[in-house]
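Notes to accompany the following structure.
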Amino acid sequence: MSLKGKLNRMKKHLSHNQTDEKRQEIKAGQAVNAENIPFLKEWEQLGAAPYYFEDSFCLIREVTYQLGEQHGLYSFAELPKIVDAWNKSEIHHSLSAKGYRSHELFFFDTETTGLSRGTGNMIFLLGHARVFSDKVVVKQHLLTNPGNEAALYKSFLDEVDVESLVTYNGKSFDWPQVKTRHTLLRDQIPALPEFGHFDLLHGSRRLWKHKYERMALSVVEKEELHVNREDDTPGFLAPMIYFHFLKEQKPSLIEGILTHNELDVLSLISLYIHLSKKILSKDAVKENNEKYALARWHLAHRDVQEATKHLQELTDAEFEHANQAAYDLSLQYKRLNQWDEAVRIWKDLFESNDVHLALKAGIELAKYEEHRQKDAESALSMTQSLLALSSLSERDIEALEKRKTRLLRKAGQ
């Protein structure tokens with residue numbers, strides 16, 4: 001069904017008045033048993049069952065996938081292989097699963113009543129997926145009544161015997177929201193555990209921000225993972241649909257949101273595989289911009305060896321950041337005391353049309369002549385050549401004039 005059709009259907013539901021008896025709503029604090037849970041048979045058909053805690057309940061829906069099933073580019077069976085590859089790798093990286101097993105990764109996403117971060121925003125669905133040796137299990141914890149949050153979070157905390165969350169923008173949004181709601185309930189439920197957190201939004205931005213205006217998971221999964229959803233309920237409709245569901249309690253009203261969240265956590269599995277392959281595999285297809293982004297990512301982790309490998313692959317490559325990549329490579333050669341290679345790049349960049357990089361390369365050449373070659377006159381000559389460059393800022397000119405004055409004294413002129 002099209003989005004327009006869904007909205008029209010929503011309007012019909014909203015305009016349809018039912019009596020309080022037919023709604024069969026459960027008030028918070030009322031004794032709960034299976035007989036007074038609305039539409040229980042329909043929930044069971046969706047794979048959901050009640051979870052009871054004190055005088056409240058939530059619903060837990062479970063869906064199982066075979067390990068060999070495909071989601072976009074990858075089958076779920078790729079994840080254990082990726083985790084094994086991380087454990088064998090010496091690469092130090094923020095996405096490294098070294099020390100983990102695949103079932104200890106907790107692919108996690110939420111649906112909320114809004115996008116604000118305050119206490120007025122409520123999580124109504126906690127979804128997560130785990131990859132075991134023989135299957136993938138997706139579980140969703142659904143809040144059917146706002147007064148039953150304690151049951152929702154208690155059911156969730158029963159599941160988090162894991163080592164690391166894997167999310168998409170979870171460090172900034174999902175997990176802070178969980179912490180906020182947990183704080184309000186901390187006297188009723190166990191403490192939140194401490195564990196690692198892989199936020200795949202950051203890696204996606206590093207690799208593909210040059211390609212996409214929006215870095216939403218829906219964009220990344222379609223363009224990079226080739227996940228094509230059919231008749232998906234957009235996430236921005238979730239609050240409106242949920243508030244309508246609270247009035248009617250019909251499972252069919254929120255089924256689309258459950259499916260949307262289910263696909264989200266499955267996409268997190270495929271995206272973690274995809275990003276890991278880009279980092280770990282020499283055979284993974286990488287565009288030049290991706291290679292450069294990977295190099296900068298390794299530099300952020302102070303991994304000079306891996307960064308240098310990627311930058312060397314870009315030697316003579318033609319792409320928009322080619323000169324900057326060459327300059328970055330020259331600095332790695334400098335760190336490794338490979339001076340001939342560094343000087344060659346600096347000389348090429350000094351002759352380029354990129355004034356900004358010509359200035360930086362020329363300064364490196366001047367420093368090289370002064371400190372490595374002990375040749376103050378050559379350093380002075382380079383500094384004078386730099387002052388002749390066009391489009392220098394006042395700050396650049398001031399710094400070069402200071403260098404020139406110092407070198408004049410050093411050269412005895």
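General remarks:
- Unit charges at the beta carbon, dipole of region 205-264: most positive-side option, Pro239, Asn228, Trp208: Trp208
- Pairs from the table (Lys171/Lys277; Lys309/Lys347; Lys139/Lys286) lying more than 28 angstrom apart at Cα are Lys139/Lys286.
- Note on the chain: GNM, Cα springs under 10 Å; of Ala342, Ala293, Ala366, the largest mean-square fluctuation is that of Ala366.
- Centroid-to-centroid separation of region 239-309 and region 134-163 [C-alpha atoms, Å]: 21 Å
- Working from Cα pairs under 8 Å separated by at least six residues, relative contact order for region 68-186 is 23 percent.
- Label zone (Asp187, point 7 Å along Cα-to-C-beta; backbone nitrogen cut-off 19 Å) within region 127-163: 147-154.
- Those GluC sites (Glu not before Pro) in region 140-230 that DSSP places in a loop and that have at most 16 other beta carbons within 10 Å: Glu159, Glu163, Glu194, Glu213, Glu230
- Region 100-140: trypsin sites (Lys or Arg not before Pro) falling in loop per DSSP and having at most 13 other Cβ within 10 Å: Arg117
- Rounded to the nearest 500, the 222 nm mean residue ellipticity of the chain from helices alone is -15000 deg cm²/dmol, with -39,500 (n - 2.57) taken per DSSP H run of at least 4 residues.
- Helix 376-387 axis, angle to the chain major axis (alpha carbon atoms, nearest 10°): 60 degrees
- Point-charge dipole on Cβ atoms (K/R +1, D/E -1) for region 288-410, about Cα centre, debye to 20: 720 debye
- For Lys367, a cut-off of 15 angstrom between C-alpha atoms picks up these aspartates and glutamates, skipping any fewer than 8 places away in its own chain: Asp340, Asp375, Glu377, Glu401.
- Computed about the Cα centre, the dipole magnitude for the chain is approximately 940 debye when only Lys and Arg (+1) and Asp and Glu (-1) carry charge, each at its Cβ.
- Sequence-separation-based contact order of the chain, relative, with Cα cut under 8 Å and 6+ spacing, percent: 14 percent
- Gaussian network model of the chain, Cα within-10 Å springs - most flexible of Gln324, Gln384, Gln177: Gln384
- Here is the list for region 231-339: GluC sites (Glu not before Pro) lying in DSSP coil, each with at most 11 other C-beta atoms within 10 angstrom of its C-beta, are Glu318, Glu320.
- More than 36 Å apart - percent of Cα-Cα pairs taken over the chain: 43 percent
- Inter-probe distance in nm under a simple model that places probes 7 Å from Cα toward Cβ, at Lys250 and Glu194: 4.9 nm
- Average Cα contact separation per residue, region 289-371, under 8 Å, 6 or more apart, as relative contact order %: 19 percent
- Helix 339-350 vs. the chain, principal-axis angle (Cα, 0 to 90°, nearest 10): 90 degrees
Each reported figure results from applying straightforward, stated rules to the coordinates on display, with no laboratory input. Predicted, not measured: the structure shown is a model, and the values here were computed from it. Quick reminder, even Gly has a Cβ in these numbers, built from the backbone with ideal geometry, and neighbours come from all protein chains shown.
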